[in-house]
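Q: One structure, as structure tokens, below. Some questions next.
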Amino acid sequence: MSNYHIKQFEEYFQVYRKSVRNPEQFWEEIAEEHFLWRKKWSNVLSFDWETADFKWFEGAKVNITENCLDRHLQTSADKTAILFEPNNPNEEAEHISYKELHERVCQFANVLKDKGIKKGDVVCIYLPMIPELAISLLACARIGAIHSVVFAGFSSTAVSSRINDCNAKMVITSDGSYRGSKTIDLKGIVDEALNDTPGIESVLVVKRTNSDIDMKEGRDHWLQPLLDNASTECVAEVMDAEDPLFILYTSGSTGKPKGMVHTVGGYMVYTAYTFKNVFQYRDDDIFWCTADIGWITGHSYIVYGPLVNGATSVMFEGVPSYPDYGRFWDIVEKHKITQFYTAPTAIRALAKQGTEFVDKYDLSSLKVLGSVGEPINEEAWHWYNENVGKKKSPIVDTWWQTETGGIMITPIPFSTPTKPTYATLPFIGVQPALMGENGEELKGNQVEGRLCIKFPWPAMARTIWGNHQRYKETYFSAYKNMYFTGDGALRDEVGYYRITGRVDDVIIVSGHNLGTAPIEDAINEHQAVSESAIVGYPHDVKGNALYGYISLKDSGEGRDHDNLRKEINQLITDRIGPIAKLDKIQFTDALPKTRSGKIMRRILRKIASNETDQLGDTSTLLNPEVVQRIIDHKK
Ligand code: PRX
């Protein structure tokens, strides 16, 4: 009996119990009945927590694009697979059918092959939210190349370090990108990045903005003429279920970004299954996830999850505020969106505009609303529920991570009673645990601790590219025989989970994961800076904003502080991207430190959040007097 589509709360419990009682059998049934495999697995799951090795569907042969494309051709060739809504509302939306998408992916895949890309090669994709972005992912997957998408808001330094880390051979980019009223020179950023990337052999350039750009002879190629000459057929490479599908970088609390590696089989099964159930997807639905494909949300719930299910997935090129703050709602009305999946930061920004924009549009097509990327505060939750969902569309507050590949804790709409700010219950097959201060599991309800997952799930990242040791240490060394998420959570009296936020030095700003270490490294490059510490503080739209405490050499004597602030933010923009800019910068002569020389971020966090009454005992610090001086000069 298939458990592919869960429709009732009782059924959720039944299926959940079954999935944890015998995970292998459960996932085997799901995988067997709903996907196209070239060859079946010899083993559903093997794992070793000690060495951090996890294998799902070992021995199986599969190509994810045959599941996303080919198998829908018989039943729904003319159905829209990707519905592209351009930045400019006057430009016509593009409906790409499954048949057309199949052809365009094949053509693109043939171009990749023609340029020497083979199975196992890494291709870096740095594109705006245009159809070629989704197509390029699928084209890589078609031939077994590993895609590594870099969000097109990252700086040239961030691009080159990611390219070098995974030794990419090719970059796919565009001449430029549109974001609201701005045109961004993407190719210029890539050119700068490529000054320092010896492994790159070729660059494919999509024409989007008709900008005047440099094309380097022999290296750079306009994509369109190559596509025009390419066949619309391309035999799918037969992949092992455990071959890498993609790398996606995410911030760590220390060191450089981690290239999380996802593999073909388990990721396919899990993203498809979560998509179907978390959004209660049905055949005629029009699904819209507003994330950028540069993040995991876009990979899993714009591209792979929806397409494996044969859904219509909307891709939006623009921003929620252009041409005005009604744009999201205009798109919902225009395309009769049935599921709308966005981030709390967007909801807060739109709620700030009142209800004037949202009230203008007919949102009656909406059935399910989703939230992802950061905790959703109560006010935003209610605004979303009342003004967008009109109190009849359930909100699924979905908790997950780049590392988890797919949604992990979430309500099932129309089944799980929702509760504002709670992600509620584990998804099928997910076994959460809350861990206490002394490494013990906190059993029962009404407890709060560190969130771990104590059994493998199919879409878990398998390693960090080129650094399995770091993977093991980051995720599997804090607690024995479980995956540590880096988040804190509580379980309420009925067993619902509420994510309380990061417990490490990762700060979530506007739903984007930012590690403090790379930002501090960028700041410390400034010749006037001695050292710095970044902390997060609550912000009404972004969730968290960044507060930088920066100590200057020579105590900053005679320096123009305003100018310094600009220079420091420019450095951050150059090294990482504008998303990591500091909202507040406080210069100080020293930072509070423990006797062993560690910066006391906890205290700095309290000061930034105006919680100076909760500093605790500071007398054991190396330099307790600094704390008061910082408080006196707080920004
Ligand atoms: O802290 C959690 C937060 O986002 C982190 C993962 O970020 P990233 O890998 O960029 O993936 C974001 C999209 C899946 C988590 O460790 N987070 C994500 N979803 C939620 C959340 N925090 C609270 N509630 C959520 N629904």
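The values are calculated or read from the model by the stated rules, or taken from the named source; none is laboratory data. Keep in mind that this is a model prediction, so the values were computed, not measured. Virtual Cβ from ideal backbone geometry, glycine too; neighbours counted across all protein chains shown.
Q: Show the residue pairs meeting these rules: Cβ distance below 7 Å; 6+ apart or different chains; first residue within segment 277-293 and under 17 Å from Val372 (Cα atoms) and of a type in the set (Ser, Thr, Tyr); second residue within 16 Å of the ligand (Cβ to nearest atom) and outside any loop (DSSP other than H, G, I, E, B).
A: Thr290/Tyr341; Thr290/Thr342; Thr290/Ala346
Q: Out of segment 494-508, which residues are more than 11 Å from the ligand (Cβ to nearest atom) and either crowded, with 18+ Cβ neighbours inside 10 Å or in the same structural domain as Gly439 (by the TED database) (or both)?
A: Residues satisfying the conditions are Tyr496, Asp505.
Q: Is segment 321-330 home to any residue that is touching a Ser or Thr at 6+ places or on another chain (Cβ under 9 Å), buried (at least 21 other Cβ atoms within 10 Å of the Cβ) and of a type in the set (Lys, Arg)?
A: Yes, some residue in segment 321-330 is touching a Ser or Thr at 6+ places or on another chain (Cβ under 9 Å), buried (at least 21 other Cβ atoms within 10 Å of the Cβ) and of a type in the set (Lys, Arg).
Q: Further question on the same structure: For segment 462-481, state whether one or more residues are within 16 Å of the ligand (Cβ to nearest atom), over 18 Å from the mean Cα position of the chain (by Cα), under 20 Å from Tyr16 (Cβ atoms) and in the same structural domain as Gln401 (by the TED database).
A: No, segment 462-481 has no match at all.
Q: Residue under question is Val308, and the condition is that it be crowded, with 21+ Cβ neighbours inside 10 Å, touching a strand residue (DSSP E or B) at 6+ places or on another chain (Cβ under 9 Å) and in the same structural domain as Leu83 (by the TED database); does it hold?
A: no
Q: Within segment 439-455, take every residue that is among the small types (Gly, Ala, Ser) and assigned to a loop (DSSP other than H, G, I, E, B) and give me the one that is farthest from the chain's Cα centre (by Cα).
A: Gly444
Q: Residues Tyr496, Tyr475, Tyr483, Tyr471: which one is in contact with a Leu (Cβ under 9 Å, 6 or more places away or on another chain), at pLDDT 95 or above and not charged (D, E, K, R)?
A: Tyr496
Q: So if I check each of Tyr384, Tyr361, which one is within 16 Å of the ligand (Cβ to nearest atom) and of a type in the set (Ser, Thr, Tyr)?
A: Selected residue: Tyr384, the only one of Tyr384, Tyr361 that is within 16 Å of the ligand (Cβ to nearest atom) and of a type in the set (Ser, Thr, Tyr).
Q: Out of all the residues in segment 121-166, which are closer than 18 Å to Val235 by Cα and either out of contact with any Pro (no Cβ under 8 Å at 6 or more places or on another chain) or acidic (Asp, Glu) (or both)?
A: Correct list: Asp121, Ile135, Ser136, Leu137, Leu138, Ala139, Cys140, Ala141, Arg142, Ile143, Gly144, Ala145.
Q: Go through segment 394-452 residue by residue and tally those that are touching a helix residue (DSSP H, G or I) at 6+ places or on another chain (Cβ under 8 Å), near the ligand (Cβ under 9 Å from one of its atoms) and polar (S, T, N, Q).
A: Counting residues in segment 394-452 that are touching a helix residue (DSSP H, G or I) at 6+ places or on another chain (Cβ under 8 Å), near the ligand (Cβ under 9 Å from one of its atoms) and polar (S, T, N, Q) gives 5.
Q: Within segment 579-631, which residues are closer than 16 Å to Ala517 by Cα, part of a helix (DSSP H, G or I) and touching a Leu at 6+ places or on another chain (Cβ under 6 Å)?
A: Ala580
Q: Of all the residues that make up segment 252-292, how many are under 15 Å from the mean Cα position of the chain (by Cα) and β-branched (Val, Ile, Thr)?
A: 3
Q: Still on this structure, please answer the following. Can you give me the number of residues within segment 129-166 that are assigned to a loop (DSSP other than H, G, I, E, B), touching a residue at least 40 places away in the same chain (Cβ under 8 Å) and hydrophobic (A, V, I, L, M, F, W, C)?
A: Looking only at that region, the number is 6.
Q: OK, next. Which number in (1) more than 22 Å from Ile172 (Cβ to Cβ); (2) surrounded by fewer than 22 Cβ atoms within 10 Å (Cβ to Cβ); (3) of a type in the set (S, T, N, Q) marks the one condition that Asn67 misses?
A: Asn67 satisfies all of (1) more than 22 Å from Ile172 (Cβ to Cβ); (2) surrounded by fewer than 22 Cβ atoms within 10 Å (Cβ to Cβ); (3) of a type in the set (S, T, N, Q) except (2).
Q: Next question. Could you grab the pairs with beta carbons closer than 8 Å, sequence gap of 6+ or different chains, first residue in segment 398-415 and assigned by the TED database to the domain that holds Phe279 and within 19 Å of Pro306 (Cβ to Cβ), second one part of a loop (DSSP other than H, G, I, E, B) and at pLDDT below 95?
A: Within 8 Å, the pairs are Ile412/Ile6.
Q: Return the residues of segment 306-320 that are closer than 25 Å to Arg142 by Cβ and either in contact with a His (Cβ under 9 Å, 6 or more places away or on another chain) or more than 16 Å from the ligand (Cβ to nearest atom) (or both); say none if nothing qualifies.
A: Leu307, Val308, Asn309, Gly310, Ala311, Thr312, Ser313, Val314, Met315, Phe316, Glu317
Q: Let me ask another. Those residues that are at pLDDT below 95 and of a type in the set (Val, Ile, Thr), I need them from segment 346-385; list them, please.
A: Scanning segment 346-385 gives a single hit, Ile376.
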